[in-house]
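Asker: One structure is given below, represented as structure tokens, and several questions about it will come after.
Here, each number is a calculation from the coordinates, and none is a lab measurement. None of the values given here were measured: they were computed from a predicted structure. Here the Cβ positions follow ideal geometry from the backbone for every residue, glycine too, while neighbour counts run over all protein chains shown.
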Amino acid sequence: MGKALEGVKILDMTHVQSGPTCTQLLAWFGADVLKVERPGVGDATRGQLQDVPGEDSLYFTMLNHNKRSVTLNTKSEKGKEIFVRLIEECDVMVENFAPGALDRMGFSWERIQEINPRMIYASVKGFGPGKYADCKVYENVAQCAGGSASTTGARDGVPTVTGAQIGDSGTGLHLALGIVTALFHRGQSGKGQRVECAMQDSVLNLCRVKLRDQQRLAHGPLKEYSQFGEGIAFGEATPRALNDSGGGQPGRILKCKGWETDPDAYTYFITQAAAWKNVCDVIGRPEWKEDPNYATPPARLTRLNEIFGVIEDWTMTKNKFEVMDICNPLNIPVGPILSMKEIAEEPSLRETKTVVEVDHPGRGKYLSVGNPIKLSDSPSDVERSPLLGEHTDEILRDVLGMSAEEIASAKEEGAV
Ligand code: CAO
């Protein structure tokens, strides 16, 4: 079986997390991703948060699977010559340098189009055009500027960033979709185009339900938020709502057996209207099924703290997996709070290759997250990340047709 993106060549000028997540996804789908790195330096994450001294960090290895690494000094004259030839040979160029970095190197979008009109040129930046366009941006800044932090955390606590890397990996995902869309379009038009994703925009896209709530506020309080039932007035902006469900079905994180000593002994419990009668039976409150104070969703909204308190009295008698086993067959949506340790050890995630073990010549075996997008006819096995410049000779020879002498001379000049 062939891979979906076989034959697509990606000139990968990405570093850190947002760009590399994008090109890693494309590599998993079969694209030939040529990661360009500065000679002797490479992607800064190779050396960041190192757990095995002197070896590529997990930060790097887990974001750069299935790629080939070529070292190239794109600021030297010879390096620029080689870079132009790579632009001629590739279908897509991806970068997430600080604003203007590639222009300063002499490779503006106009110049890239001149070299290869079929090129799809994809960039991640912190902000879109406007007054912040020149800013350097990292994950948490994007979470703050995209509306996530102001709507995450406890109402009376500080704005909070999430563990999910929605600014970096989230933007990488958006960019990957932009690239395959542009590739599809090129099939008809024959022309490349520019694809740009701002981290602020991507975070906001993932937070759109909070902008929904901002507009609902103009028409009255947000009744599914706990603070409504607690009689606390709403302000002008969508508030933080701790673990309240983001949708129309009230939900909370509740303690389970063992919570006193296990920080992850919790379940997420949703009182979906359709399953309400089953909830009443499970928690030993069958009378709530007919009681007008509890029988309908609107009646329950002012009593959520009491209702979830009673449900929690029940969940605390079971461990989080027992809660799942009991509720699932009754169509009550619940989910255990899984620790990273539990996820790493979960057999079903290993079976689907969502969690994979990878062998690396320097650091040995480590766990990674495989491709979460499964295509029925296009397998995507995870291959280890490349060492710095591991494929330089191979790429210069096979992709650009350079002779051994030319490669040796480029090395002598410090261009590769
Ligand atoms: N040869 C020669 N020079 C190279 C090179 C190569 N192969 N690869 C990179 N460089 C140069 C760049 O041209 C740039 O030089 P100038 O500053 O002289 O133009 C320099 O290396 C470093 O680029 P940078 O400014 O992007 O790096 P930084 O560490 O200072 O900033 C970051 C990092 C992430 C804040 C910034 O790149 C950025 O804002 N990117 C866009 C937003 C983004 O993706 N953020 C997510 C970060 S986590 O995923």
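Asker: Right, Leu338: in a loop (DSSP other than H, G, I, E, B), touching a residue at least 40 places away in the same chain (Cβ under 8 Å), more than 29 Å from Asp43 (Cβ to Cβ) and within 21 Å of the chain's Cα centre (by Cα) or not?
Answerer: Here the answer is yes, as Leu338 does meet what is asked.
Asker: How many of the residues making up the stretch 84-126 are among the basic types (Lys, Arg), free of Cβ contacts under 8 Å to residues at least 24 places away in the same chain and either closer than 20 Å to Lys9 by Cα or crowded, with 17+ Cβ neighbours inside 10 Å (or both)?
Answerer: 1
Asker: If you don't mind, there's one more thing I want to ask. Checking the condition free of Cβ contacts under 8 Å to residues at least 60 places away in the same chain, over 22 Å from Pro99 (Cβ atoms) and not polar (S, T, N, Q), which residue from Ala133, Ala154, Ala145, Ala149 passes?
Answerer: Answer to the check: Ala149.
Asker: Can you tell me which condition Ser76 does not meet? The list is (1) crowded, with 18+ Cβ neighbours inside 10 Å; (2) at negative phi, and all the others hold.
Answerer: Just one mismatch for Ser76, condition (1).
Asker: Would you be able to tell me the number of residues in the stretch 242-261 that are surrounded by 15 or more Cβ atoms within 10 Å (Cβ to Cβ) and among the acidic types (Asp, Glu)?
Answerer: 1
Asker: Suppose we filter the stretch 215-255 for residues that are part of a loop (DSSP other than H, G, I, E, B), among the basic types (Lys, Arg) and farther than 18 Å from Pro298 by Cα; how many remain?
Answerer: 1
Asker: Let me ask something else about it. Restricting the stretch 118-151 to residues that are among the β-branched types (Val, Ile, Thr) and near the ligand (Cβ under 9 Å from one of its atoms), which is nearest to the chain's Cα centre (by Cα)?
Answerer: Here the residue is Val124.
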